[in-house]
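Undergrad: Input: one structure, supplied below.
The values are calculated or read from the model by the stated rules, or taken from the named source; none is laboratory data. A quick note: this is a predicted structure, and the numbers were derived from the prediction, not measured. All Cβ positions, even for glycine, are placed from backbone atoms using ideal geometry, and neighbour counts span all protein chains on display. For accessibility, only protein heavy atoms count, side chains too; no ligands or nucleic acids. Shrake-Rupley method; radii C 1.70, N 1.55, O 1.52, S 1.80 Å.
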Amino acid sequence: MAATPLFASEQRPEWLGAPTTDAGRALPMFLNTVAAGFPSPAQDYLESSLDLHELLIKHPTATFFVRARGDSMRGAAIFDGDILLVDRALQAQHQDIVIASVNGDMTVKRLLLKPEPMLQAANPKYPSIRLDDSLDFEVFGVVSSVIHQLKR
Amino acid sequence: MPVTLTTKRCFALVDCNNFYASCERLFRPDLKQKPLVVLSNNDGCIIARCALAKQLSIPMGAPFHQMKALLKQHQVAVFSSNYALYGDLSNRVMQTLEQLAPKVEIYSIDEAFLELSGLDFCQNLTDFGQQVRSTIYQQLGLPVCVGIAPSKTLAKLANYAAKKYPQFEGVLDLTEPHKRLHILARTPVQEVWGVGRKLAERLQAMNIDTALQLARACPQQIRKKFSVVLARTVNELNGIACLTLDEVQEPKQQIISSRSFGQRVKAKAEMQQAITLYISRAAEKLRAQHSLARQLSVFIRSSRFEQKSRFFGDQASLELESPSNDSRVLQQAAMQLLDRIWRDGPAYAKAGVVLSDLCAVQGLQNSLFTPPPSERSQRLMATIDQLNQKHRGSVFIARQGRDGNWQMQQQFLSPAYTTRWDQLPEVC
C-alpha cells in the first residue's frame with residue numbers, strides 16, 4: 001500500500017483527473033510478454049477476471065447470506081453448514097426454496113402453493129408444514145444459490 | 001392562453017421507523033410481537049425503542065440500570081448497539097433509494113432526502129412514496145415513512161405527520177397547499193426541523209405555538225429577533241425551497257463526508273487519496289463540534305446509471321478501541337477498511353466516510369472506563385486545524401500506530417449477521 005499524504009491538497013485532487021497509476025490492479029487474463037516492435041495479438045481481447053458475485057448475486061442490496069443447519073433439505077442438495085444466498089427482491093413462487101419464519105423460527109424449505117400452501121422438506125424424515133391461518137408465517141426470501149464447500 | 005411550464009421543487013424525506021430496533025428484529029422473527037430496546041455504548045442508556053416498547057412508556061435516554069426491573073417485568077428484549085449491522089443495513093437502504101431516485105442525500109444513518117422535482121409530471125407522488133416504502137420493506141424488511149413536499153423543512157414535517165397519523169399509511173404528500181395548512185396547524189412548533197426546545201420556548205413566549213403560526217410570522221421580524229436560519233425556516237414552511245440537496249448542516253450524531261467523483265476512479269491509490277481527504281474533512285468537523293467518534297465506515301460504489309458496466313458497491317465499518325477525533329487514527333482505520341472492500345475493475349463514481357457513535361470530548365474525560373484522548377493529540381490536531389484554516393491542505397502527517405486494547409461492555413450484542421462469515425443467521 002502506497003503511503004498517501006494525510007491532507008491531500010485541495011488545489012490538486014489527483015483523483016479527480018485521469019488515473020495516473022495502475023498500481024495494485026489485478027493481472028488481466030491475457031497479459032503477454034511483448035516482442036519488441038510487434039504488438040501482442042491478444043491485446044484487443046483483454047477482459048476482466050471472472051467475478052462470482054456477478055454470477056451469483058443479481059440484487060446485491062437485497063441479498064443476504066444464511067447458514068443451513070441439519071439435513072431436512074438434503075434431497076435438494078442443501079447440507080449442514082452450507083451457505084445459502086437469499087434474494088429478497090424475488091417474489092416467491094411455487095416450488096421455490098425459501099427461507100421462511102414459522103411461529104418465530106427461521107427455516108429453509110420448499111414452498112408449494114398448489115394444491116394447498118405448504119412448506120415441504122426435501123427429506124422423508126421430516127413432515128411437511130401446512131400453511132393455514134393458525135401459523136404465523138412469513139417468507140423471508142427466496143434461496144437463489146447454495147454454496148457447498150468441499151474443503152473448509 | 002400561453003402555457004408556462006415551471007418545475008416546482010419537490011423533495012422527499014425517507015426515514016426508517018425505529019431503525020436500530022427494526023434492524024435487530026430482521027433476523028429474529030421470534031421477537032416480531034415483543035417489545036425491544038437498544039442500548040448505547042457500554043450498555044449505558046436506552047437509545048432506541050420499537051413501537052411496542054414506546055407503548056410501555058419506557059423513556060428514551062433512560063439509564064439502563066434504572067430500567068432493568070421494568071424491562072424484565074414486561075419481558076422486553078434488550079440489545080447492545082450493533083453498529084456493524086446497522087451500518088450494513090443503512091448502506092443497503094441508501095443504495096436501494098439510489099435505484100429509485102437519481103438524486104439522494106444521505107442525511108443520517110436512517111434518513112435520506114430525495115429530490116423529486118419534475119416527477120409529478122409523470123407519476124402520482126403518493127404512489128411513488130408507497131413504491132419506495134414497499135420496495136424497502138420487501139427487499140430489506142425495514143419499515144420506512146416518506147414525507148413529500150416543496151421544501152426540505154416541509155418534507156421533514158410531512159414525514160413526522162406520516163409517522164404520527166396511521167391513516168396516511170406511512171406516506172404523506174404535502175405539495176398541495178390546503179393539505180399543508182391542515183398539518184401545520186396540528187404540529188407543535190418544536191417539531192419543526194431546526195427548532196429546538198429552547199427556541200420553541202422563546203417562540204411560545206411570542207404566542208407562536210404551532211408550525212402554522214411560525215409559517216405566518218413575518219420573516220424579517222424573525223430574522224431580526226432570532227436568526228437568518230429561522231427566517232429561512234419560515235420561508236421553507238411556506239413552500240419556498242431555500243435549502244437544496246446536500247446543503248444542510250450535518251446532524252450532530254453523525255458526520256458524513258462523501259462526494260461523487262468528477263471522473264471515475266479506477267486505481268486504488270487514487271481511492272486511498274480520496275478517502276484520506278474525506279477522513280481529514282470529517283475529522284475536522286468532528287473536532288469543530290468537540291466530539292469523538294467510535295465508529296467509522298467507508299463506502300465505495302460505481303455508478304447506478306451507467307449501462308456499460310455492472311454496478312458494484314460495498315461498505316465496511318469498524319469500531320475504534322477508544323473514541324477518537326485524531327485524523328491519524330481515523331485515517332489508518334479507514335485504510336484498513338478500504339483494503340477490506342476494495343476491488344479492482346469497477347469504475348468508482350462515489351465514495352465516502354461516515355463517523356458515527358459520537359460522544360463529547362468533555363463528557364468522556366470524566367468517564368471511568370474510557371481513556372480520554374491524550375492532551376498532546378488534542379493540541380496537535382488543534383494546531384493542524386488552525387494551519388489548515390489559513391492554508392487549506394498545507395499540513396501532511398505520516399500514519400502512526402495506535403495503542404490501547406480496551407474493550408467496551410456489550411453484554412447483549414447480537415451477531416454481525418451481515419458482515420461476518422462466522423456469524424451468519426442459521427436456518428434448519
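Undergrad: What pairs come up if the first residue lies in the range B:80-108 and is more than 17 Å from B:L245 (Cβ to Cβ), the second is of a type in the set (D, E, K, R) and assigned to a helix (DSSP H, G or I), and their beta carbons are under 8 Å apart, counting only those six or more places apart or on different chains?
TA: B:S80/B:D43; B:N82/B:E24; B:L85/B:E24
Undergrad: Moving on to the next point. Is at least one residue of the range B:45-67 crowded, with 21+ Cβ neighbours inside 10 Å, part of a loop (DSSP other than H, G, I, E, B) and outside the structural domain of B:G313 (by TED's automatic domain parsing)?
TA: yes
Undergrad: I would also like to ask the following. Give me the residue from the range B:341-363 that is within 25 Å of B:S291 (Cβ to Cβ) and outside any strand (DSSP E or B) and, out of that set, most open to solvent (accessible area, probe 1.4 Å).
TA: Among residues in the range B:341-363 that are within 25 Å of B:S291 (Cβ to Cβ) and outside any strand (DSSP E or B), the one most open to solvent (accessible area, probe 1.4 Å) is B:Q362.
Undergrad: Here is a follow-up. Restricting attention to the range A:64-85, which residues are part of a strand (DSSP E or B) and facing chain B (nearest Cβ under 9 Å)?
TA: Scanning the range A:64-85 gives A:F64, A:F65, A:V66, A:R67, A:A68, A:I83, A:L84.
Undergrad: Output the number of residues of the range B:276-299 satisfying the condition of being within 10 Å of chain A (Cβ to nearest Cβ) and either within 25 Å of B:N41 (Cβ to Cβ) or of a type outside the set (V, I, T) (or both).
TA: Total meeting the criteria: 7.
Undergrad: Scanning the range B:129-154 for residues that are hydroxyl-bearing (S, T, Y) and not in a loop (DSSP other than H, G, I, E, B), which turns out farthest from A:G141 (Cα to Cα)?
TA: The selected residue is B:T153.
Undergrad: Let me ask something else. Are any residues in the range A:86-142 surrounded by 16 or more Cβ atoms within 10 Å (Cβ to Cβ), touching a Gly at 6+ places or on another chain (Cβ under 8 Å) and among the charged types (D, E, K, R), and if so, which ones?
TA: Residues satisfying the conditions are A:D87, A:R88.
Undergrad: So, of the residues in the range B:314-333 that are open to solvent by 10 Å² or more (accessible area, probe 1.4 Å) and under 19 Å from the mean Cα position of the chain (by Cα), which turns out to be farthest from the other protein chains (Cβ to nearest Cβ)?
TA: Top of the filtered list is B:E319.
Undergrad: Within the bounds of the range B:90-110, is there any residue that is among the basic types (K, R), in a strand (DSSP E or B), more than 17 Å from B:G147 (Cα to Cα) and open to solvent by 20 Å² or more (accessible area, probe 1.4 Å)?
TA: Of all residues in the range B:90-110, those among the basic types (K, R) come to B:92, B:103.
Imposing the further condition that a residue be in a strand (DSSP E or B) reduces the set to none.
No, that holds for no residue.
Undergrad: Name the single residue, out of those in the range A:98-119 being away from chain B (no Cβ under 11 Å) and not charged (D, E, K, R), that is nearest to A:A62 (Cα to Cα).
TA: In this case the residue turns out to be A:L111.
Undergrad: Something else about it: Taking the range A:111-152, which residues are part of a strand (DSSP E or B), over 19 Å from the mean Cα position of the chain (by Cα) and touching a residue at least 24 places away in the same chain (Cβ under 8 Å)? Explain how you work it out, then say what you get.
TA: So in the range A:111-152, the residues part of a strand (DSSP E or B) come out as A:111-112, A:118-120, A:129-130, A:137-147.
From what is left, the residues that are over 19 Å from the mean Cα position of the chain (by Cα) are A:111-112, A:118-120, A:129-130, A:137-138.
Once the filter is applied, which keeps residues that are part of a strand (DSSP E or B), over 19 Å from the mean Cα position of the chain (by Cα) and touching a residue at least 24 places away in the same chain (Cβ under 8 Å), the range A:111-152 yields A:L111, A:I129, A:F137, A:E138.
Undergrad: What are the residues in the range B:186-224 that are basic (K, R) and touching a residue at least 12 places away in the same chain (Cβ under 8 Å), if any?
TA: Within the range B:186-224, B:R186, B:R202 meet the criteria.
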